[in-house]
């Protein structure tokens, strides 16, 4: 079903690049699958439980937007600004969000498994019970983030910064933390070096 908001046709595969007329609007439950919203301004827009599978949101302003329960799997959020956004229980499976900003975002229970999160800023974000299994987050920043009961299994966190963070992980088996900055020495799991020790795993 097509929805018209401030002259914008909100529908699957919509081309709404650079649009600023949807900021702060209530778009709860809309279907924007495979839509192009690159460089659009969606600050404080309500997109809870929306379907945005495969949507392109490159450099989109989603500051303080409500994306709780949204389906964003396979979406491209590269360099998007999600500062303070609510992504609790959102499906972010295999999203691409390199260089995105999620400072202070709420990702409680979010599914970020197999996501591409290189250089993402998660500083101060809440990731309680989030699934980051298989996620590639090289050089990502998790400073002061809440990672209680997070699943890091099989993730790649090479060079990531976890300063000030308490890593209470339900699972970090086979995760890579080479050159990562971890807050407490005792928290640093053994590093796997598959080229020299194929049996080694990160616990």
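The values are calculated or read from the model by the stated rules, or taken from the named source; none is laboratory data. Computed from a prediction, not measured in an experiment: that's the story for all the values here. Methodologically, a virtual Cβ is constructed for each residue, glycine included, from the backbone with ideal geometry; neighbour enumeration extends over all protein chains shown.
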Selection count, region 125-149, where residues are farther than 11 Å from residue 163 by Cα and assigned to a loop (DSSP other than H, G, I, E, B): 16
Only residues that are more than 15 Å from residue 57 (Cβ to Cβ) and outside any strand (DSSP E or B): list them for region 1-47, please. 1, 2, 6, 7, 11, 21, 24, 25, 28, 29, 44
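Okay, residues lined up against (1) free of Cβ contacts under 8 Å to residues at least 24 places away in the same chain; (2) touching a helix residue (DSSP H, G or I) at 6+ places or on another chain (Cβ under 8 Å); (3) within 17 Å of residue 107 (Cβ to Cβ):
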| site | (1), (2), (3) |
| --- | --- |
| 27 | no, no, no |
| 45 | yes, no, no |
| 54 | yes, no, no |
| 70 | yes, no, yes |
| 81 | yes, no, yes |
Qualifying position, being modelled with pLDDT of 95 or more, farther than 27 Å from residue 150 by Cα and buried (at least 19 other Cβ atoms within 10 Å of the Cβ), among 72, 107, 37, 47: 37
Do we have residue 90 as within 23 Å of residue 133 (Cα to Cα), modelled with pLDDT of 95 or more and surrounded by 22 or more Cβ atoms within 10 Å (Cβ to Cβ) here? yes
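Considering every residue within region 78-85, establish whether at least one is assigned to a strand (DSSP E or B), touching a strand residue (DSSP E or B) at 6+ places or on another chain (Cβ under 7 Å) and within 20 Å of residue 29 (Cα to Cα).
Step one: list which residues in region 78-85 are assigned to a strand (DSSP E or B), which gives 81.
Among the residues that remain, those that are also touching a strand residue (DSSP E or B) at 6+ places or on another chain (Cβ under 7 Å) are: 81.
Next, from what is left, pick out any that are within 20 Å of residue 29 (Cα to Cα): none.
Within region 78-85, not a single residue is assigned to a strand (DSSP E or B), touching a strand residue (DSSP E or B) at 6+ places or on another chain (Cβ under 7 Å) and within 20 Å of residue 29 (Cα to Cα).
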For region 120-135, state whether one or more residues are modelled with pLDDT of 95 or more, crowded, with 19+ Cβ neighbours inside 10 Å and under 23 Å from residue 36 (Cβ atoms). yes
Restricting region 161-179 to residues that are part of a loop (DSSP other than H, G, I, E, B) and touching a strand residue (DSSP E or B) at 6+ places or on another chain (Cβ under 7 Å), the one farthest from residue 107 (Cα to Cα) turns out to be 163
Only unsatisfied item for residue 144, checking (1) crowded, with 19+ Cβ neighbours inside 10 Å; (2) over 15 Å from residue 155 (Cα atoms), is (1)
